[in-house]
Amino acid sequence: MAILPIIVAPDSRLKLKSQPVRQVDAETRQLMDDMLATMYAAPGIGLAAPQVGVLKRVIVLDVAKEGEDKQPLMMADPEIIAAAAEDMTYEEGCLSLPSHYSDVVRPAWVTVRYRDRDNTIRELKAEGLLATCVQHEIDHLDGILFVDHISALKRNMILRKLLKAKKSQALETA
Ligand code: GNR
Ligand code: NI
């Protein structure tokens, strides 16, 4: 298993739409395993393939609390097939927007249909943090970041700070 480098915004690769997998083959399974290891190492509660530069519709999640048993989920071609009418607000973060957090409003629960690591089609009703996380990850597959759900003022402030950090880092390593 490999720990993969995570792309940090602003980066045009995070804005692209990822392509369906259709069949979970050995290469997709390897990607899922590497993504899970990368997510745990970060640490994070979710990771989408475009965050590691792979434009495939693959996500991994684990919202288990520290000290609890691991609850890894690996999904290819996840699709929201039902969503709550009522919303919930959660303060979100993103490994591609390090050190920035903002309240995001999303449906309180969603039902997701996906292919698991064994290529079996499954459905899962996600509530609470898992509902937030799975919607956040599926957004990544469509080139959407959590900052796209907040005001343009807050979004631009975060993206400007991240760009500045990248520029000063580039100077340091030059
Ligand atoms: O680790 C993560 N934490 C998090 C917290 C609140 C809402 C969403 C997330 S997902 C994030 C990891 C990540 O960037 N996944 O794409
Ligand atoms: Ni994210």
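The values are calculated or read from the model by the stated rules, or taken from the named source; none is laboratory data. This structure is a prediction, so every number in the text was calculated from the model and none was measured. Methodologically, a virtual Cβ is constructed for each residue, glycine included, from the backbone with ideal geometry; neighbour enumeration extends over all protein chains shown.
Only one entry in PRO5, PRO107 is farther than 26 Å from ALA165 by Cα and away from ligand 2 (no atom under 12 Å from the Cβ), namely PRO107.
Looking at PRO43, PRO50, PRO72 in this structure, which one is in contact (Cβ under 8 Å) with a residue 24 or more places away in the chain and either within 13 Å of the chain's Cα centre (by Cα) or under 19 Å from ASP142 (Cβ atoms) (or both)?
Numbers: PRO43 fails: in contact (Cβ under 8 Å) with a residue 24 or more places away in the chain; PRO72 fails: either within 13 Å of the chain's Cα centre (by Cα) or under 19 Å from ASP142 (Cβ atoms) (or both).
After applying the criteria, what remains is PRO50.
If you filter segment 121-147 down to residues that are away from ligand 2 (no atom under 15 Å from the Cβ) and more than 13 Å from GLU92 (Cα to Cα), you find that the one that is surrounded by the most Cβ atoms within 10 Å (Cβ to Cβ) is ALA126. From the list ARG22, ARG13, ARG57, the lone residue that is at pLDDT 95 or above and under 13 Å from the mean Cα position of the chain (by Cα) is ARG57.
The condition (being on the phi < 0 side of the Ramachandran plot and assigned to a helix (DSSP H, G or I)) is satisfied by just one residue among ALA126, ALA165: ALA165. Looking for something touching a residue at least 12 places away in the same chain (Cβ under 8 Å), within 16 Å of ligand 1 (Cβ to nearest atom), crowded, with 17+ Cβ neighbours inside 10 Å and part of a helix (DSSP H, G or I) - is there at least one such residue anywhere in segment 148-161? Yes - at least one qualifying residue is present in segment 148-161. Name the single residue, out of those in segment 50-70 being closer than 14 Å to VAL24 by Cβ and within 10 Å of ligand 1 (Cβ to nearest atom), that is surrounded by the most Cβ atoms within 10 Å (Cβ to Cβ). Checked segment 50-70; the qualifying residue surrounded by the most Cβ atoms within 10 Å (Cβ to Cβ) is ILE59.
Of all the residues in segment 71-120, those that are at positive phi and exposed (fewer than 12 other Cβ atoms within 10 Å of the Cβ) number 1. Which of the residues spanning segment 1-20 are among the basic types (Lys, Arg) and in a helix (DSSP H, G or I)? Within segment 1-20, ARG13, LYS15 qualify. In segment 10-22, the residues that are closer than 25 Å to ASP116 by Cβ and hydroxyl-bearing (Ser, Thr, Tyr) form Cβ pairs under 8 Å with partners that are assigned to a helix (DSSP H, G or I) and modelled with pLDDT of 95 or more, at six or more places apart or across chains, as follows: SER18/ALA49; SER18/PRO50; SER18/HIS140; SER18/LEU141.
Note on segment 21-50: among residues that are assigned to a helix (DSSP H, G or I) and charged (D, E, K, R), the one that is nearest to PRO72 (Cα to Cα) is ASP33.
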